[in-house]
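What follows is a single structure, written as C-alpha cells, with notes after it.
The values are calculated or read from the model by the stated rules, or taken from the named source; none is laboratory data. Just so you know, these numbers come straight off a predicted model, no measurement behind them. With ideal geometry, Cβ positions are generated from the backbone for all residues, glycine too; neighbour counts draw on all protein chains shown. Ligands, DNA and RNA are excluded from the accessible area calculation, which covers all protein heavy atoms including side chains. Shrake-Rupley method; radii C 1.70, N 1.55, O 1.52, S 1.80 Å.
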Amino acid sequence: MSKILVIAEGKDGVLRNVSFEAIAAAKQIDHDAEIVGVVLGKEQLEEQAEQLVHYGADRVIVVQHEELKAYTSEGYGQAVLSIISEEAPDGIVMGHTSIGKDLTPKIATKLDTGLVSDVIEIQQNEGRTEFIRPIYSGKAFERKTITDGITFVTIRPNNIAALEPDTSRNGEITTKDIDIKNIRTIVKEVVRKASEGVDLSEAKVVVAGGRGVKSEGGFKELYELADVLGAAVGASRGACDAGYCDYSLQIGQTGKVVTPDLYIAVGISGAIQHLAGMSHSKVIVAINKDPESNIFAVADYGIVGDLFEVLPLLVEEFKAL
Ligand code: FAD
C-alpha cells in the first residue's frame, strides 16, 4: 500500500477548503493509499487534525512550534522535510495557493524530485495516473505522468471536489516535536488588506469589477451585490491600475487564479490576461455596455447594458429571493 502526505493549510485557525480537496486528490491518485495529513502551526491544531480525519485522512501528524506561528518557507520547509524523511511517502499533495507555490518547489529541490503544479484534474488511464494542468494562460492543457520518484503535486483550489465529511471517522493523531532552527526570516507584522468577507481564491461566487466601474465609489455597488450573494469581490488589473481597488483583488495572469461556481464580470473587457485567471469558472455572467466586448466570448450569460443600471436591479432581485 502506498502512502500519501497531504500538507494542510490554515488561515486564522481555520483549515482552507483546499486541504480537504487535497485529500480527495490523494485518493484519486491511489484509492488504497494511506493518507497522512500534516498540520503545522503554533497552537490549537487538534480541531484541524480531527477535521482532516473526517474528510478522509487515515492519520494526522501535528507539528506545533513558535516558529510556525506565521508562514516562512524555512520554518515550514524544515518541518515538512523532517516528516518526509521519517515517513518516506510515495506521494505528497498540497494546495496550489500562495504558500503551496512557495513551499513545494523548495521541498522538491531538496528532495531532488519533480513537481507537477496547478493540477485541475486527475485521471486514471491504462494503469497510469495522469495529471491535467492548464498551460499558456489556460489556452491549452497538458497531461503529465510521473514515472519515477515521489508523486508530488499541487492542486488548484475549487477544481477537485472534497469528499463529504464523515464525523464518525477515527484516525490516529500524533504530535511531533521538530527542532526548527536557524530561521533567518522574521515575520514582524502581517498586514491584511481587503480581507473582509469571503476568501477570493476559494470563493464559490466572485463579483469582479473592471475599469468600467469607473471609481472606488463604483466598487461599493459591487460589494453590495457580493454581500447579497455571499460572494468575494475581485477586479481586473485595469481597475487596480486605476486605483479603484487594492491589487490583492486582481484576477488574471499576474493576479489570482479563481475557479468559482459563478463569476460575474462587471465592466471588464475580457483581455486575454484577465481570462487567464477566470475562464475556468463554472458559470460566467458578463455585464458590459459594449456588445462586441471580448468578455462575451467566454460568458455563459451576457447582459448588455450600463452596469450602473443593471447592478441595483440585480441587488434588488437577489434580495427579494
Ligand atoms: P478595459 O479594457 O478598459 O475594459 C473596460 C470595459 O468596461 C469595457 O469593455 C467597456 O465596454 C466596459 N464599460 C465601461 N463603462 C461601462 C458601463 N457603464 N457599463 C457596462 N460596461 C462598461 N489584466 C488583468 O485583468 N489581470 C491580469 O492579471 C493582467 N495581467 C497582465 C499582464 C501583462 C504582462 C499585461 C501586458 C497585461 C495584463 N493585464 C492584466 C491587463 C490587460 O491586458 C487589460 O489591460 C486589463 O485586463 C483591462 O482591464 P478592464 O477590462 O477592466 O479595462
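Within segment 105-128, the residues that satisfy the criterion of being open to solvent by 60 Å² or more (accessible area, probe 1.4 Å), more than 21 Å from the chain's Cα centre (by Cα) and under 19 Å from L81 (Cβ atoms) are T109, K110, D112.
Only helices (runs of 4 or more DSSP H) whose full extent lies in segment 1-104 are considered here, and the ones with at least 2 residues that are buried (at least 21 other Cβ atoms within 10 Å of the Cβ), more than 19 Å from the chain's Cα centre (by Cα) and small (G, A, S) are 73-87. With respect to (1) near the ligand (Cβ under 9 Å from one of its atoms); (2) open to solvent by less than 10 Å² (accessible area, probe 1.4 Å); (3) of a type outside the set (F, W, Y); (4) over 17 Å from G217 (Cα atoms), the lone exception for K289 is condition (2). Give segment 292-308 a look and list any residue that's outside any helix (DSSP H, G or I) and open to solvent by 70 Å² or more (accessible area, probe 1.4 Å), or say none. Correct list: E292, N294, D300, Y301, V304.
Just checking, does segment 309-320 include any residue being surrounded by 15 or more Cβ atoms within 10 Å (Cβ to Cβ), within 12 Å of the ligand (Cβ to nearest atom) and not hydrophobic (A, V, I, L, M, F, W, C)? No - not one qualifying residue is present in segment 309-320. Residue count for segment 209-239, restricted to those that are more than 21 Å from the chain's Cα centre (by Cα), near the ligand (Cβ under 10 Å from one of its atoms) and open to solvent by less than 10 Å² (accessible area, probe 1.4 Å): 4. Among the conditions (1) of a type outside the set (A, V, I, L, M); (2) at pLDDT below 95; (3) touching a helix residue (DSSP H, G or I) at 6+ places or on another chain (Cβ under 7 Å), the only one that E43 does not satisfy is (3). Taken over segment 252-272, the criterion of being outside any loop (DSSP other than H, G, I, E, B) and more than 18 Å from K139 (Cα to Cα) is satisfied by L262, Y263, I264, A265, V266.
When segment 236-248 is limited to residues that are part of a helix (DSSP H, G or I) and modelled with pLDDT of 95 or more, the one that is nearest to V310 (Cα to Cα) turns out to be A239.
Within segment 45-92, the only residue that satisfies the criterion of being without any contact (Cβ under 8 Å) to a residue 40 or more places away in the chain, hydrophobic (A, V, I, L, M, F, W, C) and within 24 Å of E164 (Cβ to Cβ) is L45. Picking from residues in segment 244-271 that are among the hydrophobic types (A, V, I, L, M, F, W, C), open to solvent by 20 Å² or more (accessible area, probe 1.4 Å) and more than 7 Å from the ligand (Cβ to nearest atom), the one that is farthest from the chain's Cα centre (by Cα) is C245. Counting only strands (runs of 3 or more DSSP E) wholly contained in segment 115-226, the ones carrying 1 or more residues that are at positive phi occupy 116-119.
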